[in-house]
Amino acid sequence: MSEYSFGNPEVVEEEVDILLIGGGMACCGAAFEIMKWIDAARAQGTDIKVRLVDKAALDRSGAVAQGLSAINTYMGENDPADYVRYVRGDLMGITREDLVYDTGRHVDDSVHNFEKWGLPIWKQPGDEGRSLVEGGKPVHSGRWQIMINGESYKWIVAEAAKKALGTENIQEHVFIVRLETDKNDSGRVAGAAGFSVREDKIHVYKFKACLLAAGGAVNVFRPRSVGEGTGRAWYPVWNSGSTYTMAAECGAELTLMENRFVPARFKDGYGPVGAWFLLFKAKSMNAFGEDYQEKNYDDLAVYGYDKYAVGFKMGTCLRNHLMMKEMKEGRGPIFIDTPTAMAKLAENMTPKEIKHLEAEAWEDFLDMTIAQCGVWAGENIEPDKEMSELMPTEPYLLGSHAGCAGLWVSGPEDLPGTPDHYHWGYNRMTTVRGLFTAGDGVGASGHKFSSGSYTEGRIAAKAMVKFVLDNPDIKPALARSVDEIFEEIYRPVRNFLEHKDYTTDIDVNPHYIAPKMFQFRLQKIMDEYVAGISVMYQTNAHMLKVAERKLEMLREDSEKMRAKDLHELLRAWENYHRLIAAFAHMKHIQFREESRYPGYYYRADFMQVDDENWKCFVNSTFDRRTGEWKMKKVHWIPLIVKSDNEPEGIGNPGSRV
Ligand SMILES: Cc1cc2nc3c(=O)[nH]c(=O)nc-3n(C[C@H](O)[C@H](O)[C@H](O)COP(=O)(O)OP(=O)(O)OC[C@H]3O[C@@H](n4cnc5c(N)ncnc54)[C@H](O)[C@@H]3O)c2cc1C
């Protein structure tokens, strides 16, 4: 029997050249791409050792775990410049156009690979059996979205990653807690540390470069689903803000952390609406059957939001805004009219075709959000016969869907007009040398989705190999001792073991706080003061000041979290990561004195979209020893010329910062 135990874990130290943290779309892309460049380096006489660590199992980890029903970023015959126009329109004008263009120009190759590896992509009648590269025309659910049978999407992508990297270079069920800077260079990352969620082991890695792609953050805010529905959320429950927190604590600059994503989804089941709106052309309405988008359209002009809409073409947050007005003024619930859409589509169809259509509609949920089917079954709803309710969810922090929170990274060097502050060396490298990110980690460039995140992982992989080859003299040395790191990671366990006998009920103890209770406190603060659901997504400077004080107290209390087993140790550190990500979100909202993303959140004291002062990025850095946040404005530069059918706001000059 091993001498190691819960209270006395084994410490495993390893040195590699490159560490990939996360096993989602971005890291799978990196894993697939990196071996080509490593093989090329080996042929030139340099060996590069790489390792991937994921807190879960690669086959079903990350946001794509359950499957998807569409690939949302595919160019096909479109120009990547138009893709940039679409992304900046959706994100209220402020995006890193260099990063978006870079993803757009490379993404199709990844999608073609997915198809080659076995992902079924729907084709138009007559083109069945022809792959995309053979000229097969996909079924679009929108200009950039193509339909798939995607229940095994992640499995397929993970298989290719495993084949490329070799399973011996992949460690599953290891949760990374911290990045460590270099002892002799505080501007460079040199290591990472975490623990196994299955065995009593602490893992400490040293490396020259690292891809931190551990997704976005869920459960930072009190969710709509509580009590009997606890655990249900739109965003996958296992991404807990690790990317933002670990990078920030290592000194990396964050950008647009004030942004969030509030998807309007089928109520309670969080089922996707994209295919219903885009493919089946369903309409949404208020409780009185009114088309609230049309009815509330003029309201956009009150605070200058109309500058970011062209007719009914507008960003996701503005569509939310029109819906929220109805809800606030008491004309809810909001419904999606699924029966009319189905009946209309069926008008000229044979019974066989209608059956096929119904199958497609169910497939949309069965391959992606099975829980939605459970809700319908439980409530006796047949969506083709009865309308369903829509609801804006609790907020999530992410950088690859219709949101753009994340890290400030260096972009590609070859795009004309790119300013110096967009590029400082290696593509997708953060402001900390050797630390790269991709997917939900990269800020100011949303709408990458699964295929774009994967592509960014590939881009980062190539750049990391170059970084390693360019810096042969780096000998990583951790700024802190392994003992210090160990004590910090295991502090929740020590808190528990030392104090558990103080009371008869281990859950009630003045010496520690259970991770679950800690999470409730965090969610309550964020919900009530930082524009959560209970205050209809509104906040102001006074509320944010209260939030700041309470979050600071929670930060102090985080040292008192307990872990009674490995599962709670995981929960403790997930919640710590959530806390720092939440702090960043609050500080950014506090700093940006306008409502840039109405429908995602409102600064009730600054309701305007204020291009004159705030058409810029907001970036921040965090000092984890002092707890101090430094905020600044960063100049935004448009790179792709405005087209005639883009909203007026796109052409508005940036603020002079
Ligand atoms: C509900 C939902 C629906 C979506 N629908 C679509 C769609 O229809 N089409 C589409 O193209 N895209 C869709 N997307 C977007 C797509 O899923 C994401 O863009 C993509 O998964 C982001 O990739 P990523 O690698 O950044 O994060 P993820 O794929 O989420 O991967 C994150 C990885 O990090 C690991 N991890 C987290 N924390 C740690 C830690 N501390 N230590 C170690 N590992 C850690 C996780 O286990 C996971 O493997 C959807 C996303 C969501 C949430």
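Checked against (1) at negative phi; (2) within 11 Å of the ligand (Cβ to nearest atom), His173 meets all criteria but (1).
The set of residues from the range 70-100 being open to solvent by 10 Å² or more (accessible area, probe 1.4 Å) and within 18 Å of the chain's Cα centre (by Cα) comprises Ala70, Asn72, Asp90. Cβ-Cβ distances below 6 Å connect the following pairs, each with a first residue in the range 205-233 that is closer than 17 Å to Glu394 by Cα and open to solvent by 10 Å² or more (accessible area, probe 1.4 Å), a second residue that is within 10 Å of the ligand (Cβ to nearest atom) and in a loop (DSSP other than H, G, I, E, B), and a separation of six or more residues or different chains: Pro223/Ala233; Ala233/Val218. Any residue at all in the range 410-428 that's charged (D, E, K, R), part of a loop (DSSP other than H, G, I, E, B), surrounded by 22 or more Cβ atoms within 10 Å (Cβ to Cβ) and within 16 Å of the ligand (Cβ to nearest atom)? Yes, that holds for at least one residue.
Does Ser196 meet the test of being of a type in the set (Gly, Ala, Ser), within 9 Å of the ligand (Cβ to nearest atom) and at pLDDT 95 or above? When the stated conditions are applied, Ser196 does not pass them. Scanning the range 389-409 for residues that are more than 14 Å from the ligand (Cβ to nearest atom) and either in a loop (DSSP other than H, G, I, E, B) or open to solvent by less than 30 Å² (accessible area, probe 1.4 Å) (or both) returns Leu390, Pro392, Trp408. Taking residues in the range 51-67 that are within 9 Å of the ligand (Cβ to nearest atom), and partners anywhere that are open to solvent by 30 Å² or more (accessible area, probe 1.4 Å) and part of a strand (DSSP E or B), the pairs with Cβ atoms closer than 6 Å and at least 6 places apart or on different chains are Val53/Gln171; Asp54/Glu172; Ala57/Glu172. Summed over the range 533-572, residues that are open to solvent by less than 40 Å² (accessible area, probe 1.4 Å), in a strand (DSSP E or B) and not hydrophobic (A, V, I, L, M, F, W, C) total 1.
Please determine whether any residue of the range 115-126 is polar (S, T, N, Q), touching a helix residue (DSSP H, G or I) at 6+ places or on another chain (Cβ under 8 Å), open to solvent by 10 Å² or more (accessible area, probe 1.4 Å) and away from the ligand (no atom under 16 Å from the Cβ).
Within the range 115-126, the first condition is being polar (S, T, N, Q), and the residues that meet it are 124.
In the following step, the residues that additionally are touching a helix residue (DSSP H, G or I) at 6+ places or on another chain (Cβ under 8 Å) were identified as none.
Among the residues of the range 115-126, not one is polar (S, T, N, Q), touching a helix residue (DSSP H, G or I) at 6+ places or on another chain (Cβ under 8 Å), open to solvent by 10 Å² or more (accessible area, probe 1.4 Å) and away from the ligand (no atom under 16 Å from the Cβ), which makes the answer no.
Among Gly434, Gly457, Gly443, which is the only one that is within 13 Å of the chain's Cα centre (by Cα) and touching a residue at least 60 places away in the same chain (Cβ under 8 Å)?
Values: Gly434 fails: within 13 Å of the chain's Cα centre (by Cα); Gly457 fails: within 13 Å of the chain's Cα centre (by Cα).
After ruling out the rest, the residue left standing is Gly443.
Residues in the range 178-190: is at least one open to solvent by less than 10 Å² (accessible area, probe 1.4 Å), over 20 Å from Val442 (Cα atoms), among the charged types (D, E, K, R) and within 11 Å of the ligand (Cβ to nearest atom)? There is no residue in the range 178-190 that is open to solvent by less than 10 Å² (accessible area, probe 1.4 Å), over 20 Å from Val442 (Cα atoms), among the charged types (D, E, K, R) and within 11 Å of the ligand (Cβ to nearest atom). Across the range 589-601, a minimum of one residue is classified as in contact with a Leu (Cβ under 9 Å, 6 or more places away or on another chain), farther than 26 Å from Ala514 by Cα, in a helix (DSSP H, G or I) and touching a residue at least 24 places away in the same chain (Cβ under 8 Å).
Checked against the criterion of being open to solvent by less than 20 Å² (accessible area, probe 1.4 Å) and acidic (Asp, Glu), the range 502-522 contains not a single residue that satisfies it. Across the range 231-249, the number of residues qualifying as more than 7 Å from the ligand (Cβ to nearest atom) and either at pLDDT below 95 or assigned to a loop (DSSP other than H, G, I, E, B) (or both) comes to 5. Close Cβ contacts (under 7 Å, 6 or more residues apart or on different chains) running from residues in the range 322-351 that are within 15 Å of Pro392 (Cβ to Cβ) and at pLDDT 85 or above to residues that are open to solvent by 20 Å² or more (accessible area, probe 1.4 Å) and in a helix (DSSP H, G or I) comprise Leu322/Gln293; Lys325/Asp299; Ile334/Met327. Scanning the range 475-493 for residues that are in contact (Cβ under 8 Å) with a residue 12 or more places away in the chain and either under 21 Å from Asn575 (Cα atoms) or buried (at least 20 other Cβ atoms within 10 Å of the Cβ) (or both) returns Pro476, Leu478, Ile485, Phe486, Glu488, Ile489, Tyr490, Arg491, Pro492, Val493. Of the numbered criteria (1) within 30 Å of Pro416 (Cα to Cα); (2) open to solvent by 50 Å² or more (accessible area, probe 1.4 Å); (3) modelled with pLDDT under 95, the one Gly129 fails is (1). Taking the range 250-281 only, how many residues are open to solvent by 10 Å² or more (accessible area, probe 1.4 Å) and more than 16 Å from the ligand (Cβ to nearest atom)? Qualifying residue count for the region: 3.
I'd like the full set of residues that are in contact with a Ser or Thr (Cβ under 9 Å, 6 or more places away or on another chain) and away from the ligand (no atom under 14 Å from the Cβ), limited to the range 361-374. Correct list: Ala361 only.
Of the numbered criteria (1) touching a helix residue (DSSP H, G or I) at 6+ places or on another chain (Cβ under 7 Å); (2) within 16 Å of the ligand (Cβ to nearest atom), the one Val84 fails is (2). Would you confirm whether any residue within the range 218-226 is within 18 Å of Ala405 (Cα to Cα), within 16 Å of the chain's Cα centre (by Cα), near the ligand (Cβ under 9 Å from one of its atoms) and not small (Gly, Ala, Ser)? Checking the range 218-226: at least one residue is within 18 Å of Ala405 (Cα to Cα), within 16 Å of the chain's Cα centre (by Cα), near the ligand (Cβ under 9 Å from one of its atoms) and not small (Gly, Ala, Ser). Show the residue pairs that are 6+ apart or on different chains and have beta-carbon atoms under 6 Å apart, the first residue being within the range 367-396 and closer than 22 Å to Val262 by Cβ, the second being of a type in the set (A, V, I, L, M) and away from the ligand (no atom under 16 Å from the Cβ). Final answer for the pair search is Ser388/Ile336; Leu390/Ile334; Leu390/Ile336; Glu394/Ile533. Mind listing whichever residues of the range 368-388 are in a helix (DSSP H, G or I) and open to solvent by 40 Å² or more (accessible area, probe 1.4 Å)? Matches in the range 368-388: Ile370, Ala371, Gly374, Ala377, Gly378. Elements of the type strands (runs of 3 or more DSSP E) sitting completely within the range 1-95 and holding at least 2 residues that are charged (D, E, K, R), at negative phi and at pLDDT 95 or above: these cover 10-15, 50-54.
The values are calculated or read from the model by the stated rules, or taken from the named source; none is laboratory data. If you're wondering where the values come from, they're calculated on a predicted model, not measured in any experiment. Cβ atoms come from the backbone with ideal geometry, glycine included; neighbour counts cover every protein chain shown. Only protein heavy atoms, including side chains, enter the accessible area calculation; ligands, DNA and RNA are left aside. Shrake-Rupley method; radii C 1.70, N 1.55, O 1.52, S 1.80 Å.
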